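The values are calculated or read from the model by the stated rules, or taken from the named source; none is laboratory data. Since the structure is predicted, the reported quantities are computational estimates derived from the model, not experimental observations. Neighbour counts are summed over all protein chains in view; Cβ atoms, including those assigned to glycine, are modelled from backbone coordinates with ideal geometry. Side chains included, ligands, DNA and RNA excluded: accessible areas come from the protein's heavy atoms. Shrake-Rupley method; radii C 1.70, N 1.55, O 1.52, S 1.80 Å.
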Amino acid sequence: MVTYGMLQAFLQGAVELIFPDNCLLCRQFLNSRHQRQLCTQCMGELVFNPTPFSRQTTTGAFAFEEAWSVCLFNEPAQKLVHAFKYNSKTSLHKTFVPLMIDFLDRHRVPLQNFDLMAPIPLHPSRLRERGYNQSALLSLPLSRYYKILHTENLLIRQKMTPTQTELGAKQRWTNMEGAFRIKSPTDVNGRSVVLVDDLYTTGATVHSAAEVLKKAGAARVAVLTFSIAGTHL
């Protein structure tokens, strides 16, 4: 007689056979029943940002007041972000989000004091092509943890821009001009907003989004990303 437990064990075995429980970076077998995505060694190669990256440590004029980035964009982080963003490894949010929470709590970042949390949106064409917005996969569980109202459609990406990774620093800023608009300005008037994205490079994308929010009357805009590239410390 085949019991439910036997069937469950068979299905679990089939899943592990088809999708081996291997580290996403070095491919080492984890034997964790898919509870972990990285081995201890690869997890240790991710480098936390030594201090919370903030508005005061940046150069140039930004529309946001503060920004926090959790990990430095070293080679392991680059591979993970690329897999998360372009290779449909959506489950990586289960690794990224706890790391972000640990960082924010350790540095006592007062995220719970904000009114709204919103992901950086994708253009509708790119969203259809990719099938998901990687930034929303980070912002939704973070908003639930910190009990902040999550609004995925606060911003609309109205301009189909080339991928920022293909552009130089100056081109990134030009590329993002007029990229966003507010769906309903009354939603942000007088309120504080946290924008969430996967990667901070020059700040052009988040600046453009924050600028639109400020023009709509947002009292305060902050930026939170999983990783940060370059020397912004």
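Would you mind telling me the share, in percent, of accessible area of region 65-109 contributed by carbon and sulfur at probe 1.4 angstrom?
That share works out to 48 percent.
Ile156 to Asn22: FRET efficiency via 1/(1 + (r/R0)^6), r the Cβ-Cβ distance, R0 41 Å, to the nearest 0.05? Walk me through the numbers on the way to the answer.
Values: r = 39 Å, r/R0 = 0.95.
After rounding, the FRET efficiency stands at 0.60.
Give the lysines reachable from Lys159 as a straight Cα distance under 22 Å; neighbours fewer than 8 places away on the same chain don't count.
Lys85, Lys170, Lys183, Lys214, Lys215
Per-residue counts of other Cβ atoms within 10 Å, averaged by peptide: what ranking do you get for 210-218, 43-51, highest first?
Final packing ranking: 210-218, 43-51.
Less than 20 Å from a label point 7 Å out along the Cα-to-Cβ axis of Asn189: which backbone N atoms in region 199-233 qualify, by residue?
Inside the label zone: 210-221.
Quick one: order Thr225, Thr205 from most to least accessible surface, probe 1.4 Å.
Largest accessible area first, the residues go Thr205, Thr225.
So what does Asp102 come to for accessible area, using a 1.4 Å probe and Å² rounded to 10?
70
Would you calculate the separation in nanometres between label points at Glu177 and Phe29, each defined as 7 Å from the Cα along the Cα-to-beta-carbon direction?
For the pair Glu177/Phe29, the computed spacing is 5.7 nm.
Between Thr51 and Ala83, what's the calculated FRET efficiency when r is the beta-carbon distance and R0 is 30 Å? Round to 0.05.
E(calc), rounded to 0.05, equals 0.65.
With the crude spin-label approximation of a point 7 Å out along Cα→Cβ, what separation in nm comes out for His107 versus Met43?
With each label point 7 Å from Cα toward Cβ, the separation is 2.1 nm.
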